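Colleague: Have a look at this one before I ask anything.
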Amino acid sequence: MDGNSSSNFLPQNDKRLSVFLRVRPPVGTNAENKSAEGSISTIEIVADKNATSSLPSTIRTYPPLNSNAAKVVRSGNRHAKSSVSSSKSFNDDGSTDSGNDGSSAEVRGVKEYSYSGIFGPNSAQKDVYDNVAAPLFQLGESALLFTLGVTNAGKTHTVMGSGFEKRKKTGFGQKVQANDGADPTPHKDWGVIPRSLNHMLSRINDLNKQSCPGPQLQLYMSYLEIYNENIYDLLPDKTKKEAVKRYPGDGPPALKLRESRRGRIFVRGLAKHPINNVQEGLELAREAKNNRHTASNNINANSSRSHSICQFEIAYFQGQEPMKTNGDDSECETDDESVCSGSSSSSRRNSRRKSTIIWIVDLAGSERSKRTGAMSHTRHQKEAALINASLMNLMRCLREMLNHQPKKRGGVAKGGVVPFRESKLTHMFMNHLTGPAASRTSMIVNVNPAADDYDETQHVLGYATTARSVTVSAVDYNRKCRALAKESNVKLKEEVSHVKSLAKKLVQKISPKKRKGAPESKPEAKRQRSNTHRAPFPAHGIKQFGSTNTTSSINTRMHAHASKSVQTGNIEQLQQLREERFILNQTVEELEQQLQSCEAEVREEVVATMNEQLEENKDWYESKIVELKEKVNILQTSNTMKQRTIDAQNEHINECEEEMKRMRDDYEAHIEDLNSNILKLTSDSHAEKETILKSHKKDHDQYRRLEAEAGALRHQTQELRTSHSVLLSKYNDLVASMQHKEKEDQSALAPEKENASNTHGHVLPSPSYKKLPRERCSDVASTDCCVDIISSPKKKRGGWFMRSPAKVGAQQSPSVGK
Ligand SMILES: Nc1ncnc2c1ncn2[C@@H]1O[C@H](COP(=O)(O)OP(=O)(O)OP(=O)(O)O)[C@@H](O)[C@H]1O
């Protein structure tokens, strides 16, 4: 707001867009990460050694291990070159890689970015305002300040801040105010908007007091939001019917964006509220904040779902107080071409009015639906998609502007249309990014240094680097210089008129008529005057008039001389004053000539710019018309085809419907049959199941009985075995005794035998042995001598025989089987 700070703001050699960076205190965005790795800072602010300004301008970013960038770097795809090249190289996003040898992935992933100025995590709201906003908001200059960043990066904190909200109602419904704005000292948490209000109002009040009863200034405030590509008034004029009328949806009507004949872009019907004190302004800011579309998501409990634009208009009224809108008692006005174009119609205003517009924009945060959880909600998904689309279009515009710049000195710029009109946001920004006002545009990029946000932050930083590379083009820059010249001309004009009035007063004071006790005869005065005109005046002590300091010194001197001369009546002093007056007159004439030539130049330039813009607009509209005509033709030709196809499709649909009906009937009948079959089968299977269960029970009982029998048989067999072994031992004993007896018998019978043989001539067979039957010989040969001696009737008769294993097995099988 101070005239003298303008020169500090944009260095004459810096023609680039102003981009500032604000790093918020690190905080993890994922709920589970809030205190863990997610909140580790990934940004380092580099102290500039050769810094000319008080703000650092370079940062370094370090990729956390879980970021996409780190993964890419680790895989060695991206920076394969940089690992062996020099310490710095430019990337696609405009950043530079840092690191001396690039030997490790961590080192290779580090990037450096430079901007106009950087505010660290501990920066105060005041620092941001004093360094960015205050120099930008000059009386008589339209300006744009906007914030950009991912969600939860601190955009709303920077633009709006806190500390001016009303406290909730306390007992008995009484309201207590936290800071009602009556205090001229801004609260430490106030953001750019409340601070601007405070600053502008104090400056306007000062100037109004100084210039009273001359031209007066009035501050107006408006607030709008771009939500889902529609513009809504956040501070509608409540007295107007259409503002309070609710549409079938649930909001006020959307407003239209318009371009005036002079190329000014404005929102038709936007309410403008006159602000006379800070409290009024804060009240409106609070209301707008409450009316804005916000929602809670996984990352930010109060996330903005729209781009909000706060508009301050400083109107200059020559001669009269600002008037209220015709036709109602409202203090509110609406933005309209007739009002804002600078030449209001006489029917609406008696006073001559000019205005300056300042926009402070809080853009909605770019976001990934996956992280914010917007995917679960269709409305939020749509909002997020439209927010991202409009931000992408802003990016496209900046890239196009960059492409249109000549790459080398003296090079040729690429032509083409920058797609400003493709979204409401860029359309509104158009004049602030290209025209002379581009020098009065600043961008604050908010970033969260948390590891969670690393990948998205890189995207935003790349965005900001592109914006920073956009230069205010040579034409625009010249326009800006001419605008500055025009401004200084206006100042000069004011100074000239001031000097003129002083000179007039002086002349009146030193006029011989007015001087008592020092009368001057008319002829003498005439002679003196004619001498003054003719005489070649020495230039002792009188400098060329041209600067404010010179003017004031001359004024002071003139005052001093005048009073001295009036008091003393010294003729010489008088003569000197006349000489000075002559020189002043000459200077005034010179300045007027300069002014005229400047004005002519400015007019020419304005005409040229207008023509350029008109040509641009004409080209754009013509190309659009051709495009649309082509589309219409294509649509018309394809329409008949489509109609035929539609008829055929309709017929087909009817057929299909009939077929479907028939099939449905068939199916229904079939289903009925099936149902009855199922019922029958169910009852059958039930009966069968019962039968099976019964037979199973019977079998089971039988099995139990057989098992019991087998047990008894096993027991019996065991007993038989023991008795068998006893019998066997007895038998063996018996055999042994028999053999022994036989031997004794044989030895006793030997003499008898001899006698008998001698008597009969043949030997008698032994009575104790019996030959095996013929067919058992094979059994004995094939078995491994499984000899079993069973007590049998034959044994009782004193015989014994061999049994085959087959027979043994067959005899033992009942017990083995069980
Ligand atoms: N520099 C800062 N210092 C202290 N707190 C901050 C800072 N920046 C942001 N915050 C806090 O972080 C929270 C989120 O900030 P804010 O709402 O401004 O984010 P945003 O970028 O506007 O998000 P969105 O785009 O979702 O609206 C707020 O509670 C805010 O107070």
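The values are calculated or read from the model by the stated rules, or taken from the named source; none is laboratory data. Every value quoted in this text rests on a predicted model; they were computed, and no experiment measured them. Ideal geometry is used to build each Cβ from the backbone, glycine not excepted, and the neighbour counts take in all protein chains shown. These accessible areas exclude ligands, DNA and RNA; they are computed on the full protein's heavy atoms, side chains included. Shrake-Rupley method; radii C 1.70, N 1.55, O 1.52, S 1.80 Å.
Colleague: Once you list every other residue whose beta carbon is under 9 Å from the beta carbon of SER304, what net charge do they have if Lys and Arg are +1 and Asp and Glu are -1?
Modeller: Working: positive: LYS155, ARG292, ARG305; negative: GLU225, ASP362.
Net charge in that neighbourhood comes out at +1.
Colleague: Using a Förster distance of 45 angstrom, determine the FRET efficiency expected from the C-beta separation of ASP189 and SER260, and round it to 0.05.
Modeller: Numbers: r = 38 Å, r/R0 = 0.84.
E(calc), rounded to 0.05, equals 0.75.
Colleague: Can you send over the solvent-accessible area of ASP699, 1.4 Å probe, protein chains only, in Å² to the nearest 10?
Modeller: Taking all protein chains as shown, ASP699 has close to 90 Å².
Colleague: Sticking with this structure for a sec: Roughly how much of TYR621 is accessible, in Å² to the nearest 10, using a 1.4 Å probe?
Modeller: 110
Colleague: Another question, then. What list of ³J(HN,Hα) values in whole Hz, one per residue of segment 731-745 in order, does the Karplus curve 6.51 cos²θ - 1.76 cosθ + 1.60 (θ = phi - 60°) give from phi, with Gly and Pro shown as x?
Modeller: Result, ordered by residue: 4, 4, 4, 4, 4, 4, 5, 5, 4, 4, 5, 4, 4, 4, 4 Hz.
Colleague: A further question on this structure: Suppose each label sits 7 Å from its Cα in the direction of the beta carbon; what would the GLN586-GLU287 distance come out to in nanometres?
Modeller: In this crude label model, GLN586 to GLU287 measures out at 6.0 nm.
Colleague: When all protein chains stay in place, what accessible area (Å², nearest 10, 1.4 Å probe) is found for HIS696?
Modeller: Here the residue's solvent-accessible area equals roughly 120 Å².
Colleague: Could I ask something else about it? Assuming 0.36 nm per residue, please report the length gained on full extension of the stretch ILE678 to HIS404 beyond their Cα-Cα distance.
Modeller: Numbers: separation 274, 0.36 × 274 = 98.64 nm, distance 7.89 nm.
Between ILE678 and HIS404, full extension yields 90.8 nm more.
Colleague: So, in nm, how far is label LYS743 from label SER501 when the simple model puts each one 7 Å beyond its Cα toward the Cβ?
Modeller: My value for the distance between the label points is 17.1 nm.
Colleague: Which loop trypsin sites (Lys or Arg not before Pro) in segment 666-717, with loop taken from DSSP, have no more than 13 other Cβ atoms within 10 angstrom of their Cβ?
Modeller: In loop regions of segment 666-717 (DSSP not H, G, I, E or B), there are no sparsely surrounded trypsin sites (Lys or Arg not before Pro).
Colleague: State which entries of LYS155/LYS209; LYS155/LYS188; LYS272/LYS618 exceed 24 angstrom in Cα-Cα distance in the structure shown. Let's see the in-between values first.
Modeller: Values: LYS155/LYS209 36 Å; LYS155/LYS188 17 Å; LYS272/LYS618 32 Å.
Check vs 24 Å cut-off fails for LYS155/LYS209; LYS272/LYS618.
Colleague: Based on the Cβ-Cβ distance of ASN633 and VAL602, what FRET efficiency does E = 1/(1 + (r/R0)^6) give at R0 = 35 Å, to the nearest 0.05? Let's see the in-between values first.
Modeller: Details: r = 46 Å, r/R0 = 1.31.
After rounding to 0.05, the efficiency reads 0.15.
Colleague: Calculate the FRET efficiency for SER729 and GLU752 from the Cβ-Cβ distance with a Förster distance of 41 Å, rounded to the nearest 0.05.
Modeller: Numbers: r = 34 Å, r/R0 = 0.84.
E(calc), rounded to 0.05, equals 0.75.
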